[in-house]
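Here's the structure we're looking at; comments come further down.
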Amino acid sequence: MTTTVRVPGTTASFTSHPWVRFAVRRLARLVGSVLILISAAFLMIHLIPGDPVRSALGPAATKSLIDARRESLGLDDPLWQQYLHFLQHLFTGDLGTSITTGLPVSDVIRDRLPATVQLAVAAFLVAVLIALPVGLAMGVLTRAGRRPRTELSFTSTTVILAAIPEFLLAVGLVYFFAVKLHWLPVAGRGNMSSYVLPVISLAVGPAAVLARICRVELLAVLQTDYLRTARAKRLPAAAIYLRHALPNAVTATITLGGLLLGGMVAGTVLVENVFGWPGLGSTIVSSILAKDYPLVQGVVLVYGVGVLLVNLVVDVTLALLDPRSTIRES
Amino acid sequence: MRARWIAVLRTPVGAGAGVLLFAVLLLALLAPLLWSHQASAIDTEHLLEGSSAKHWLGTDNLGRDIFYRVLVASRTSILLALVATLIAVVMGLALGCAPVLLGRRAGRLTTAVVNIAVAFPGLLLALFFAVVFGVGAKGAVLAIGFAGAPSFARLTQTLVAGVAERDFVAAARIAGVGRFRMLLRHILPNIAEPLVVNATIGAGGALLAFAGLSFLGLGVQPPVYDWGRLMGESLNGIYVHPAAALAPGVAVVIAGLAFNLFGEAVAKGFGVPAMIGPRLRERSAETMPAATDDDEAVLVVKDLYVSFPGPITPVRGISFTIGKGEIVGVVGESGSGKSLTALAVAQLIEPPGQVRAAELSFLGAPLLGRLAVRSTAAARRRLLGTSFAMVFQDPMTSFNPTKRIGTQLAEGAREHQGLNRRQAMARAIDRLRAVRVPAAGRRARQYPHEFSGGMRQRAMIGMGLMGAPALIVADEPTTALDVTVQRQVLRLLETIRTEDDVAILLISHDITVVAQVCDRVLVMYAGRIVEDLPASELATGARHPYTRALLAAVPDLDTPLEEPLAVIAGRPVDPAAMPSGCAFAARCEFAEDRCRSEDPSLVSHGPDHQVACWNPQGTAAWQARYLGSESIRTGQL
Amino acid sequence: MSELRFDGVAVRFGTGGRALTAVDGVDLTIPSGQVVGLVGESGSGKSTLARAAVGLTEPSSGQILLDGVPLRYRAGERRPLQMVFQDPYSSLDPRMTVGDSIAEAVPRSAHLLGVGRRRGAGREDAGREGIGRQVVDRRREVGRLLELVGLDAERALAYPGALSGGQRQRVAIARALAGQPDVLIADEITSALDVSIQGTVLNLVRSLQRELRLSMLFISHNLAVVRYVSDIIAVMYLGRIVEVGPAQQLLNDPQHPYTKELLAAAPRRGTTSLQPPDPTVADAEPADPHHPPVGCRFHPRCPIGPLVRTDREHCLTIDPTAEADRRLHRTACHHAAGAPQTAMAPHTRRTFP
Ligand SMILES: Nc1ncnc2c1ncn2[C@@H]1O[C@H](COP(=O)(O)OP(=O)(O)OP(=O)(O)O)[C@@H](O)[C@H]1O
Ligand code: SF4
Ligand code: SF4
Ligand SMILES: [Mg+2]
């Protein structure tokens, strides 16, 4: 028989610490994702059929103007050189120049980013604050097949709300609250009241989805063996739900909440267009239509990084909440 | 298969969604054939008008009828959405199945790429691809298809991985089945349902996404129009002419809902069986005066029934008493109602399950029925919380994974014994020590996953010892453990019984375990106790044919090797189709006519021995018959 | 039937701090036409060894030899080893009839024959006849196998959902036999079954083995079950074989303290109390497979080891596996008896070269 020689204690203690390993793994993934994102944004311009400069400047542009623009954008260099330049500029915070306005893309983004972030964060908070309590309460009320009628109406309401696209909801809300009732402004970003409609239109769909998920998660937790153990301890109902069920249901909900927040970041595109909101969402659409590709590129990058950051926050939160996460991560 | 589809369409949601979806698809098919003309007719006399008898929803800036335009737009909207979904599904399937076909390394790469791509929201991807593919219908279809692919790939991967780790795939590999055949014959058929369901829901999503792109002006371009473009164009006129903007929106929502609802209904019908059955009448238990003359009795159960909607009654009239410091074992096949009995006794059956009993009292206090109402719920909870302990089968899942072991032990004591945090923790550590968990102080601060199975089971018993238990109900406490660990846990239970005079109800499917540690054994079959006898008599004095067959069927270290093992022919009874006579009759070789018509009840056969059988065995004549019988020995299923 | 030999087989999972050696240098021979029973606690590596044998996991080192020839697996080829799995509810494809599942495992050679004849004849109907005969042959083969395991041939048309656990396990055995295996591997095939059904499957295994002279590796955590079907018993602990010997000998005269512990814990008719082992190690925890103890792997739990007897400190440092061949039953324990000088039965000698 073979004898395996085993040297005890050879593993380095620092790198084997679960948190260090978690951080290293997570950062590696983030860097990988960002690189893919950057490459995709770079390639985007080169994948477009035809000459992006010509299509941006329109048929009236002279050849010398187009050549000059191509020159200044470095579009005639070999691809890998362009990629290196692109990376170099990115690191110095230079995202290029908008073709249509001639302004630096980074200025445009700095100008417009806050409006979008405010909108997304406000909508996220509203959605979570509504969805979590509602979903959990529905879970408790309809556990083990109780109140089938409540369950049916809850499910159908949330399905319907989740199926209404945010831009349509926005249009409807504008019609009723702004056009008909004159309670709230139709469009634009100003005082608090101008936030109400955009935030609602952005929050309703995700809130409905989140509430359903919450309920399902809670029902799943209520089925677990450890909840039966808690009942066998004869704890009062409040302790069972708040101390045992809630933390476990929320852990699972956060993952999906993160996805929803990511989705909301994208949802701003539509809502901003309805409300003429001066954010990145209306910028990206107008720049796509104007074929202002450097600007599109910059905004896509910002959106992408935003989504990746949200995912990072979710993962770290989960790791903090779940004592097993660092061990089980695979 | 077909039956399940029919069942889905029978539910109100399923039927509604099915009809809606059919109507939407029909409209998409027929509308352009019937109303193209009306939709494109320019009426210069009625530009941008509101609704009228002639134009129900008014007209647009060229005087075209909006109602007809919305109807006709259905085909473009739905067709494009379906094509985009098709692209997403096909690409997703290809990416998701790649790990099966390409082997491990290439598979891992696609998985990593999909995992990164899926982190980005679909709309963002769609915008990206819309730029790449160009603005217009073709670009938008490709963009939405590509954008939907990652999530389908992820879904496929998850489903494939779930099927691939099942043993039949391993068995097929061993049988020499190639990769393609594996995918086609074994994997795809087993993931088809969830894929179809999600594709349907995905089509709803694609419809909305398409409307979004067209609304932004990035989708369908004039002169073609879909619902999104109709909406986008009338947005500016919303002051004067809201219907023009809202009508196509409503159409989008209805069509999207049709897809979503139908998908959900199918998912529900295929995944979880509908819980809504004929509800049992809420019946308050008929309770007789609880005149227990036996002071020594810890638990008295008389005529206990547990039933569920269906209606099925898996526990049918069980009576037993457990005395102080007694270890009573319950054995029986799976499905015989052992665990339900334990849960019912512990008051842990959740609705819609229902518990009925002539008497159910613990330490003299009634737990059920009118008499129980008199003692307050709080007092009852406290009594159970301190004196009644439960140990469950699976130590891996019976602790809350997010809380420290010590906290979970201390919790009950803080609640019922009024200890403060520190006292309760000290007691928890003391109890962990009592169940011989090494380094109890440190262990109390650990989480369940840091404990081994046997240690967790001991901690669970320690949890029961936090108060001053009079009864421990242990439901298969050692089934999930190894034999050597099983012995440790059983010995611990024995020690507790001897030292603290605690009664134990030990449930097990393993008759040898029960025979080893119990004073008395209850044999259950089909929700009844068929025999109640002292454990010492089990090996030689069992009288019920089922008990005897059970004993003969389990090999132990002394089983003679020359003969085949005894077997019990047939299958356990289905609780939904309980026969009228003796439930064991179909499998019993001693069954007589009477057995099939009359149900035997539990009658005394000597002191401490009860049997429910018309034809109890155990005589010398029985021995001869039993051992000579072919059917029991080699009986086929 | 053939002889299967594990030669220094090790299987490792994972890397770095989470690496785990599930099977560690296993030498074991399954002599032709005999049943080797493998017992051990959960996580000791029994299933991993079985999966390595049939090519579902790759051994990290060592060789698995069939009649002296190393096994080599390629996807899509018939394998000379077939396996029956623990859970009959997951080992049959719910979307395939029982007959199709079995037919799939019938070797392709019959099929190739049909194709060859069609090409050679070059005539349409001759080819059709070839295929037709092959279909008939397969169907007949499936029927024969079903009857062999005690099911009606008509059951071929049933889906697994319509069968009971015991019936499914019979089908799984029929499927394994369809592959015309040289060696059959049965991994805990009765532990998912109810006691009342377990007996029928064990009876079937025994009668098939006698009839077909199968070489077989029979894995179970239940010593009584292993005893009932095996000619030779091997005991596994933390990835290693700690004792192996002819069934009766090993049970009557166990050498390794772990084997003795297993025997003591196994239920015996008539015993009504649990004998307490030495209190020092009575409540010892099973070792963590990620960090197996050095020296003798059993020492933290050993009732005759260093924790109980102070003069046995060498158990803490010296691995008893190395010298196992010199001891009775090839026991991996410093304090087992030496190898007997008496002659063994021929088949057992082949097991212990
Ligand atoms: N794919 C895998 N990746 C990592 N570890 C694994 C894998 N498969 C098995 N193991 C580990 O290898 C060890 C041996 O596993 P194996 O399934 O062979 O044990 P076993 O003796 O058959 O147990 P049981 O009686 O519970 O079936 C266990 O610790 C197990 O967790
Ligand atoms: S009553 Fe009849 S059928 Fe039932 S166990 Fe007794 S002999 Fe068998
Ligand atoms: S080598 Fe030592 S520790 Fe290991 S089993 Fe033998 S006596 Fe026990
Ligand atoms: Mg196993």
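Structural remarks
- When chain A is treated as a Gaussian network with alpha carbon springs shorter than 10 Å, the biggest mean-square fluctuation among A:Thr251, A:Thr158, A:Thr62 belongs to A:Thr62.
- Förster radius 45 Å - calculated FRET efficiency between A:Ser72 and A:Thr317, Cβ distance, rounded to 0.05: 0.50
- DSSP loop chymotrypsin sites (Phe, Trp or Tyr not before Pro) with at most 11 other Cβ within 10 Å: longest gap in chain A: A:15-182
- Inter-chain neighbour count for B:317-328: the average number of beta-carbon atoms from partner chains within 10 Å of each residue's beta-carbon is 0.
- Links that overshoot a 28 Å alpha carbon limit, given the list B:Lys403/C:Lys260; B:Lys403/C:Lys46; A:Lys180/B:Lys138; A:Lys233/B:Lys338: B:Lys403/C:Lys260; B:Lys403/C:Lys46; A:Lys180/B:Lys138
- Distance-filtered residues of region B:160-186 - backbone nitrogen under 15 Å, label point 7 angstrom along B:Val113 Cα→Cβ: none
- Each of C:Val11, A:Ala203, B:Gly335 was scored by the projection of its Cα onto the charge dipole of the protein assembly as shown, and the greatest displacement toward the positive side belongs to A:Ala203; charges sit on the C-beta of Lys, Arg, Asp and Glu.
- Region B:545-621: GluC sites (Glu not before Pro) in DSSP coil with no more than 11 other Cβ atoms inside 10 Å: B:Glu562
- Kirkwood Rh, angstrom, the protein assembly as shown [1 / mean 1/r, Cα pairs]: 35.6 Å
- Where only DSSP H runs of four or more residues are counted, chain B gives -16500 deg cm²/dmol as its mean residue ellipticity at 222 nm, each run worth -39500 (n - 2.57).
- Basic side chains Lys and Arg get +1 at the Cβ, acidic Asp and Glu get -1 at the Cβ, and with that the dipole of the protein assembly as shown about its Cα centre reaches some 920 debye.
- Excluding the site residues themselves, the longest part of chain A lacking any trypsin sites (Lys or Arg not before Pro) in a DSSP loop with at most 14 other Cβ atoms within 10 Å is A:147-323.
- Antiparallel beta bridges, as assigned by DSSP with both residues in the protein assembly as shown, represent about 60 percent of the total such bridges.
- Shape category assigned to region B:280-506 from the gyration tensor of Cα positions, a/c cut at 1.5: prolate
- Cα shape, region B:321-425, gyration tensor, a/c 1.5 rule: oblate
- Here's the list of aspartates and glutamates a cross-link from B:Lys324 could span, going by alpha-carbon distance under 17 Å and ignoring same-chain residues fewer than 8 apart: B:Asp293, B:Asp294, B:Asp295, B:Glu296, B:Glu494, B:Glu499, B:Asp500, B:Asp501, B:Asp519, B:Asp608.
- Placing pseudo-labels 7 Å out from each Cα toward the beta carbon at C:Ser207 and C:Arg140 gives an inter-label distance of 2.4 nm.
- Separation of the A:Ala220 and B:Leu34 label points, Cα + 7 Å toward Cβ, nm: 4.4 nm
- In the protein assembly as shown, a dipole from Cβ-located charges (positive for Lys and Arg, negative for Asp and Glu) runs towards its positive end, and of B:Met390, B:Ile254, B:Pro477 it is B:Ile254 whose Cα lies farthest in that direction.
- If a spin label sat at a point 7 angstrom from the Cα of A:Ser39 along the line to its beta carbon, the backbone N atoms of region A:88-107 nearer than 17 Å would be those of A:88.
- Per the Kirkwood formula applied to alpha carbons, region B:449-511 shows a radius of gyration over Rh ratio, Rg over Rh, of 0.95.
- Comparing Cα centroids, region B:198-236 and region A:226-290 end up 26 angstrom apart.
- Using R0 = 56 Å, the C-beta based FRET efficiency linking B:Asn236 and B:Asp574 works out to 0.25.
- Residue among A:Gln118, A:Gln81, A:Gln297 with the largest mean-square fluctuation in a Gaussian network model of chain A, springs linking Cα atoms under 10 Å: A:Gln81
- B:Thr376-B:Met396 FRET efficiency (beta carbon distance; Förster radius 30 Å; 0.05 resolution): 0.25
- Two numbers describe the Cα atoms of chain B: Rg and Dmax, which are 33.9, 109 Å.
- For region A:31-40, 3J(HN,Hα) computed residue by residue from phi via the Karplus equation (6.51, -1.76, 1.60; θ = phi - 60°) reads 4, x, 5, 4, 4, 4, 4, 4, 5, 4 Hz, glycine and proline entered as x.
- Shape call, chain A: gyration tensor on alpha carbons, a/c limit 1.5: oblate
Throughout, read-outs are computed from the coordinates displayed, never taken from laboratory work. Please read all numbers here as calculations on a predicted model, not as lab measurements. Positions of Cβ are backbone-derived with ideal geometry, glycine not excepted, and every protein chain shown enters the neighbour counts.
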